[in-house]
Amino acid sequence: MIDIHKEIAPYTKQLENHALYKSIIDQESLKVFMEHHVYSVWDFMSLVKYLQNQFAPSAYPWTPPKNKKLSRFMNEIVLGEESDSDNKESHASHFELYCMAMNEVKANSDLARSFVANVSKNGLESSMEDPSIPIAAKKFMQTTFSFINSGKPHVVAAAFAFGRETVIPMMFQELLNKMNIKKEQAQSFHYYLERHIEVDGDEHGPIALEIISTLCGDNPMNWKEALEASKIAIQARIAFWDEVLFRIDQKKHLNLQITH
């Protein structure tokens, strides 16, 4: 069995120490970040839905799930991601929560909402051609859907476990620690970050690793492919953060020129 955690440790360390987190110093830089990041909030759900279909398929006539523990786990994730508490005595998907957080700081959520509406209407492929999608976000989503399109559950599970569930708490904690955006400036954004640190770190991350173990089993090729997918997923996030950081710096430089 390959120790994926050990193999990808250099990449996760690079992600943990990324300069992006401390570059978010004001509302303008936060807007740039959120207007890119919202797309990865959205595409996460396709990884979740693919895996839910593996362990808790929505089909009839119904038959009992083969793996009751993982069936419950995937259903719980979907419950939380699609209808979590919005901290205002109601419920919403995490994508909708994120869009609400964007609106709160006057970031533009309309483009992402329009993209998702277009996906529903016209399908993913044509919707991805929309020029309003930030290039970095488009590249990241293309990587996400390349895992799904592989048709290999262990590959999708690796992207889910090592590209999302086990690194999201670390990334979001680094944001909270290093960004210069206080809770009173962006209450919903802080709530979103804190919620994921709590849930993914304590609950979802450990069971996501169990999914990998279940799907790879004693198959060396599956473990090899899972490791490769994990590396690609982390590298895609680093490249995504690199480009967002570039856009934030570009915006700061432009604003500096205007003020002078």
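The values are calculated or read from the model by the stated rules, or taken from the named source; none is laboratory data. Fair warning: this is a prediction, and the values are worked out from it, not measured in the lab. Methodologically, a virtual Cβ is constructed for each residue, glycine included, from the backbone with ideal geometry; neighbour enumeration extends over all protein chains shown. All accessible areas refer to the heavy atoms of the entire protein, side chains included, with ligands and DNA or RNA removed. Shrake-Rupley method; radii C 1.70, N 1.55, O 1.52, S 1.80 Å.
Taking the Cβ of HIS18 as the center, what net charge do the other residues with Cβ under 11 Å away carry, scoring Lys and Arg +1 and Asp and Glu -1? Before the final figure, lay out each step's value.
Working: positive: LYS13, LYS22, LYS178, ARG237; negative: GLU16, GLU174, ASP242.
Net local charge, HIS18 excluded: +1.
Take the convex hull of the alpha carbons in the chain; its mean projected area over all directions comes to 14.9 nm². Kirkwood Rh over Cα pairs of the stretch 186-239 into Stokes-Einstein at 10 °C, 1.306 mPa s: D in µm²/s? The Stokes-Einstein estimate is 120 µm²/s. The chymotrypsin sites (Phe, Trp or Tyr not before Pro) found in the stretch 27-75 that occupy coil by DSSP, while having at most 14 further C-beta atoms within 10 Å, are TRP62.
When a 1.4 Å probe is rolled over the protein heavy atoms, the share of accessible surface on the chain that falls to carbon and sulfur comes to 52 percent. Dividing the helix sum by the residues of the chain, where each DSSP H run of 4 or more adds -39500 (n - 2.57), gives a mean residue ellipticity at 222 nm of -23500 deg cm²/dmol. Against the chain, whose longest principal axis comes from its Cα atoms, helix 68-83 is set at around 20 degrees. When you filter the trypsin sites (Lys or Arg not before Pro) in the stretch 136-227 for DSSP loop state and at most 16 other Cβ atoms inside 10 Å of their Cβ, you are left with LYS182, LYS183. Look at the dipole of the chain built from charges on Cβ: of ALA239, VAL105, PRO65, the Cα furthest out on the positive end belongs to ALA239. The value given for the stretch 34-168 is a Kirkwood hydrodynamic radius of 16.1 Å, derived from the mean inverse Cα-Cα separation. Between the Cα long axis of helix 4-16 and the first principal axis of the chain there is an angle of about 10°, rounded to the nearest 10.
The chain: longest stretch without exposed GluC sites (Glu not before Pro) (DSSP loop, at most 14 other Cβ within 10 Å), sites themselves excluded? That would be 1-88.
Modelled this way, with points 7 Å down the Cα-to-C-beta line, the labels at LYS22 and PHE246 are 2.2 nm from one another.
Dipole of the stretch 170-241, Cα-centred, from +1 at each Lys and Arg C-beta and -1 at each Asp and Glu C-beta, to the nearest 20 debye? Before the final figure, lay out each step's value.
Numbers: 7 positive and 11 negative charges, 83 e Å.
Using Cβ point charges on Lys, Arg, Asp and Glu, the stretch 170-241 gives about 400 debye.
Seen against the Cα atoms of the chain and their longest principal axis, helix 187-199 is set at about 30 degrees.
Residues in the chain average 51 Å² of solvent-accessible surface per residue, probe 1.4 Å, ligands and nucleic acids excluded.
If you keep only loop residues by DSSP, which trypsin sites (Lys or Arg not before Pro) in the stretch 26-103 have at most 16 other Cβ atoms within 10 Å of their Cβ? Intermediate values should be presented prior to the final figure.
Working: sites: LYS31, LYS49, LYS66, LYS68, LYS69, ARG72, LYS88; in loops: LYS66, LYS88.
Those satisfying the criteria are LYS66, LYS88.
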